[in-house]
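Engineer: Sharing a structure below in structure tokens format, with a few things to ask.
FYI, it's all coordinate maths here, none of it is from the lab. From a predicted model like this one, the values you see are computed outputs, not experimental measurements. Here the Cβ is made from the backbone with ideal geometry for all residues, glycine too, and neighbour counts use every protein chain on show.
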Amino acid sequence: MNSKIEITLQELGLTKGEIKVYLSLIELKSTTVGPIIDKAQVSSSKVYIIIEKLINKGLVNYILKGKTKYFQASSPISLKDYLEIKEKKLKETKESLNKVISKIKSIQKEKKTPDEARIYRGYKAMRTAWIEAIETIPKKGNYHFISKGFGKDPRLKIFFSNIALKLKEKEIKILGLANIKEKKLYEKIYKKLGYEMKYTKQSWPSDISIIGDFLIILNWDKKEPTIYSIKSQALVKSYLIHFKETYKKNQHLK
């Protein structure tokens, strides 16, 4: 049987055992359990369980000849029906999840949480840290950052381009500070993404982002970046004051 079919069935959510039995039934047509066991190479103790699952999914049916059940694969269109049912359930789950998320957010707002710090390592964790922080920025709010000079890295170009798109969806303005030496890079790559930059003659000890309720410090390493995410109203307020003062002072280096 074509491996492409097997891959597609797996993507549809069928287990390896279900795929074996389903594909065996396509070749065997109407048959009793014995030939299915031989063809699919599944144990007799599991075959009935698998067949029952496929029947529940609408992919297999049976007829009775006397007291004996003869199983057969349903019409191929049943695969599409099964996908549509899954999509409908996924849509319902998504709607329920959105309600749950809103409820959790309201609970979190009601309960004032103490300062906390988290350490994230790796690219996937890096995205988690940023998305978590962005969710705390109100719509049409501001995203502030101070660049250390990592923006040339290809991975970061992709990462921050995707972040810019996420911010654009929420109508959030991106305000950044960078050394004057980085102006060419930001004008070429980041300006078209909506970055509003000001430049200074000073260098920064680290890459710092002030995002909603969070202060994020990026320790860049190509193999495994480390992100320090600090949720602290006092720190955010302090860094934001410093950012705004520096941003305002450097109008002429825009």
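Engineer: Evaluate the charge dipole of the chain about its Cα centre and quote only its size in Debye, nearest 20, assuming +1 on the Cβ of each Lys and Arg and -1 on the Cβ of each Asp and Glu.
Structural biologist: 780 debye
Engineer: Note the angle between two axes, namely the Cα long axis of helix 233-249 and the longest principal axis of the Cα atoms of the chain, as a number of degrees from 0 to 90, rounded to the nearest 10.
Structural biologist: Its long axis makes an angle of about 60 degrees.
Engineer: Hey, what D do you get for the stretch 148-189 in µm²/s if you plug the Kirkwood alpha-carbon radius into Stokes-Einstein at 10 °C and 1.306 mPa s?
Structural biologist: After rounding, the answer is 142 µm²/s.
Engineer: Determine, for His242, His144, the number of other Cβ atoms within 10 Å of each Cβ, and report the residues in order from fewest to most.
Structural biologist: His242, His144
Engineer: Counting helices only, and only those DSSP H runs with n ≥ 4, report the 222 nm mean residue ellipticity of the chain as the sum of -39,500 (n - 2.57) divided by its residues, in deg cm²/dmol to the nearest 500.
Structural biologist: -16000 deg cm²/dmol
Engineer: Which percent of Cα-Cα pairs in the stretch 145-214 sits in each 10 Å bin, short to long?
Structural biologist: 19, 58, 22, 1
Engineer: Which angle from 0 to 90°, rounded to the nearest 10, does the C-alpha axis of helix 154-169 make with the longest principal axis of the chain?
Structural biologist: The helix 154-169 is inclined about 90 degrees to the chain.
Engineer: Still on this structure, please answer the following. What residue among Ala129, Tyr195, Ile119 has its Cα farthest toward the positive end of the dipole of the stretch 114-253, where the charges are +1 on Lys, Arg and -1 on Asp, Glu, each on the Cβ?
Structural biologist: Result: Tyr195, furthest along the dipole toward the positive end.
Engineer: I would also like to ask the following. Which of the pairs Lys181/Lys223; Lys4/Lys166; Lys140/Lys188; Lys29/Lys57 have their Cα atoms more than 29 Å apart in this structure?
Structural biologist: Table pairs above 29 Å Cα-Cα are Lys4/Lys166.
Engineer: Just checking my list (1) 7, 31, 36, 20, 5, 1, 0; (2) 6, 22, 20, 12, 14, 14, 8, 3, 1, 0; (3) 8, 34, 39, 18, 2, 0 against P(r) over Cα pairs in 10 Å bins from 0, in percent computed from this structure; which label fits?
Structural biologist: Label (2) holds the value from this structure.
Engineer: Peptides 120-133, 16-29: what's the order by average Cβ count within 10 Å, highest mean first?
Structural biologist: Going from most to least packed, we get 16-29, 120-133.
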